[in-house]
Amino acid sequence: KGKIGFVIPAELLQVSYAQQLREFLALFYNKINIISFEKLVFPDIQQEVVLLLCEKNGSDSHLIEHLELKDASDLEKLDVNILKSPSKKIDFKSNKWTYYFLEQEEIDFLEQIAKKRKVPTIGNYVNVEVGITTGANDYFTVPLPVVEAYDLKEYAKPMVGRSVQVNSVIFTEKDWKLNRQTKAKAHLLVFPAKEKINGHKGVNSYIRMGES
């Protein structure tokens, strides 16, 4: 018996490489609370994190709950009694814990839809592929000041550097421009063949900087 707490990247709740970890935690512990935050807890790293609280009490139940707070300061006002009674049963057939961000009624509704199979999946309309992660490459993914400093507008393609830059299921050019103005890495640099940029001082200067 006992309790344990972790501050973990939010992505561990759903990524495939953490599936075995989630399965172990779900089986080993009897109560799990996931506390997420509306605002970034560590803004300098641009990484969403959650507080994972687990308890083992020797019972046969495996329950989980999700709470969302505005920011880390709200932890001081949190009623810890709420954490004693998670209400959702862990579905060991479900691979992702983001599933539990929903209310129980919403979970039941989705399960009914899945059983009836009357709603087509997104795979019926588009090809779903794993993306290539470039957000950590500071040379090719850059904020607006870098584009302006080296006059790279012609070679800067709009991009979303990290999922944290998308705050809704709908993302428009207006949202991208907002990211751009907040100096987020919102540009992907795509240079043509070297002979096509010989006369561009900004590009040549940027390439020399990268090679140094």
Hits in region 39-76 (condition: among the acidic types (Asp, Glu) and under 25 Å from ILE90 (Cβ atoms)): GLU48, GLU55, ASP60, GLU65, GLU68
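Pick out the one residue from ASP175, ASP138 that is under 18 Å from PRO43 (Cβ atoms) and acidic (Asp, Glu). Break it down stepwise before answering.
Details: ASP175 fails: under 18 Å from PRO43 (Cβ atoms).
Residue meeting the stated conditions: ASP138.
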Matching residues in region 47-64 - criterion: being touching a Lys or Arg at 6+ places or on another chain (Cβ under 6 Å) and either surrounded by 15 or more Cβ atoms within 10 Å (Cβ to Cβ) or assigned to a strand (DSSP E or B) (or both): GLU55, LYS56, LEU63, ILE64
Tally of residues being in a helix (DSSP H, G or I), of a type in the set (Phe, Trp, Tyr) and more than 29 Å from VAL49 (Cα to Cα) across region 153-212: 2
Matching residues in region 171-203 - criterion: being more than 23 Å from VAL160 (Cβ to Cβ) and of a type in the set (Lys, Arg): LYS194, LYS196, LYS201
Qualifying residue in region 76-95 (condition: closer than 29 Å to LYS185 by Cα, out of contact with any Phe, Trp or Tyr (no Cβ under 7 Å at 6 or more places or on another chain) and not hydrophobic (A, V, I, L, M, F, W, C)): no
Candidates ASP71, ASP44, filtered to the one that is surrounded by fewer than 13 Cβ atoms within 10 Å (Cβ to Cβ), over 16 Å from the mean Cα position of the chain (by Cα) and closer than 24 Å to ARG162 by Cβ: ASP71
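Of everything in region 24-50 that's farther than 26 Å from ASN81 by Cα and of a type outside the set (Phe, Trp, Tyr), which residue is modelled with the lowest pLDDT?
GLN46
Residue by residue, here is whether (1) under 30 Å from ILE35 (Cβ atoms); (2) touching a residue at least 12 places away in the same chain (Cβ under 8 Å); (3) over 25 Å from the mean Cα position of the chain (by Cα) holds:
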{"site": "GLU106", "(1), (2), (3)": "yes, no, no"}
{"site": "VAL147", "(1), (2), (3)": "no, yes, yes"}
{"site": "VAL160", "(1), (2), (3)": "yes, yes, no"}
{"site": "ASN198", "(1), (2), (3)": "no, no, yes"}
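Going through LYS185, LYS177 one at a time, which residue ends up being surrounded by fewer than 16 Cβ atoms within 10 Å (Cβ to Cβ) and not aromatic (Phe, Trp, Tyr)?
Exactly one residue qualifies, and that residue is LYS177.
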Residue count, region 86-104 (criterion: free of Cβ contacts under 8 Å to residues at least 60 places away in the same chain and surrounded by 11 or more Cβ atoms within 10 Å (Cβ to Cβ)): 9
Extreme residue, farthest from GLU55 (Cα to Cα), among residues of region 9-37 that are in a strand (DSSP E or B) and in contact (Cβ under 8 Å) with a residue 40 or more places away in the chain: PRO9
Which listed residue, of LYS153, LYS174, LYS183, is of a type outside the set (A, V, I, L, M) and either touching a Ser or Thr at 6+ places or on another chain (Cβ under 7 Å) or in contact (Cβ under 8 Å) with a residue 24 or more places away in the chain (or both): LYS183
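The values are calculated or read from the model by the stated rules, or taken from the named source; none is laboratory data. Just so it is clear, the structure is predicted and the values come from calculations on it, not from any experiment. Counting neighbours? That spans all protein chains shown, and the Cβs are built from the backbone with ideal geometry, glycine included.
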